[in-house]
Structures are given as structure tokens and as C-alpha cells.
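Q: Quick one: the structure is below, questions incoming.
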Amino acid sequence: MFSSRIKDPRGFTLVELIAIMLILGIMATVAVVKYHGSGMAKDAAYRKVIPMLNADERLIWSSIKLDGTYSDTSDNDILHDVADRPGVTFDPSDSNPISVEYNGIVLLLNRTISNRSSPGHWQ
């Protein structure tokens, strides 16, 4: 009876499938821990957050310029609008470097002040 099951080419048994899932789960866990433990996660967050904040800054600044309300708007108002972005958390009252949290990773970023001729720039 046992030997006939081994020679049966119709598929895998439930025990074999569970063993494969267990091994894949352990491998995935090790990979995630290794990824978050390395600087790769932080580097990836920097590469994603900085362009995102710069794009938001330019969009808000351009909108204010087009509305003609720039003289009534301070750099702090623009910074508060950027801080309302979902997924990115920071205190707009911080000075450089600004502590920005993105997906549980804390990044220290510098920001230039926006003025009439150019929006603020994150780096």
C-alpha cells in the first residue's frame, strides 16, 4: 500500500504541501528580517520619500503662485500642507534636520525654505 502511493504521479500529499509552505514561510521571514535589519530599507525609503515630498512641495507652491495668494502665505503654511500627506509623518514646527517617519522608518531630512522664486527643497 505504501509503495503504491509513492509511485502514484497524480500530485503531492497534504503533508508534502504543508512542509513546502513551512519552508517558504521560514525563508520569507529570514529575508524580511535581513532586509529591515540592513540599510537597504532606509535607502529605499530615502529614494521614495524625498522625490515625493519635493513633488508635493512644488505642487502646493505652484498652486499658491497661480492663485496669486503667495504674499499672504508663509513658508510655514506650505510646510503644514506638505505635512498633511498620508503615509508620511513629521512635525512641521521642527527645524533642520526634520525627522520624517515613513512606513515605520525614521529619516532625517533637510529642507530649504521656499520663497517667491522657488519652492522649498527636501534633501
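Q: So how many residues does segment 73-114 have that are touching a residue at least 40 places away in the same chain (Cβ under 8 Å), polar (S, T, N, Q) and touching a Pro at 6+ places or on another chain (Cβ under 7 Å)?
A: Counting residues in segment 73-114 that are touching a residue at least 40 places away in the same chain (Cβ under 8 Å), polar (S, T, N, Q) and touching a Pro at 6+ places or on another chain (Cβ under 7 Å) gives 0.
Q: Within segment 94-123, can you find the residues that are hydroxyl-bearing (Ser, Thr, Tyr) and more than 20 Å from the chain's Cα centre (by Cα)?
A: Ser95, Thr112, Ser114, Ser117, Ser118
Q: Name the residues in segment 44-92 that are farther than 17 Å from Trp122 by Cβ and among the hydroxyl-bearing types (Ser, Thr, Tyr), would you?
A: Ser63, Thr69, Tyr70, Ser71, Thr73, Ser74, listed by residue number.
Q: Just to be sure I understand the filter: pairs with C-beta atoms under 7 Å, separated by 6 or more residues or on different chains, first member in segment 47-64 and outside the structural domain of Arg85 (by TED's automatic domain parsing) and under 16 Å from Asp91 (Cα atoms), second member of a type in the set (Ser, Thr, Tyr) and at pLDDT below 90. Which pairs pass?
A: none
Q: Based on what the data block shows, is Asp56 acidic (Asp, Glu) and at pLDDT below 85?
A: no
Q: Restricting attention to segment 88-123, which residues are among the charged types (D, E, K, R) and closer than 13 Å to Asp75 by Cβ?
A: Scanning segment 88-123 gives Arg111, Arg116.
Q: If a residue must be more than 20 Å from Glu101 (Cα to Cα), in a helix (DSSP H, G or I) and not β-branched (Val, Ile, Thr), how many such residues does segment 21-68 contain?
A: Selection size over segment 21-68: 16.
The values are calculated or read from the model by the stated rules, or taken from the named source; none is laboratory data. Note that the structure is a prediction, hence the values are computed from the model and not measured. All Cβ positions, glycine included, derive from the backbone under ideal geometry; neighbour counts span all protein chains shown.
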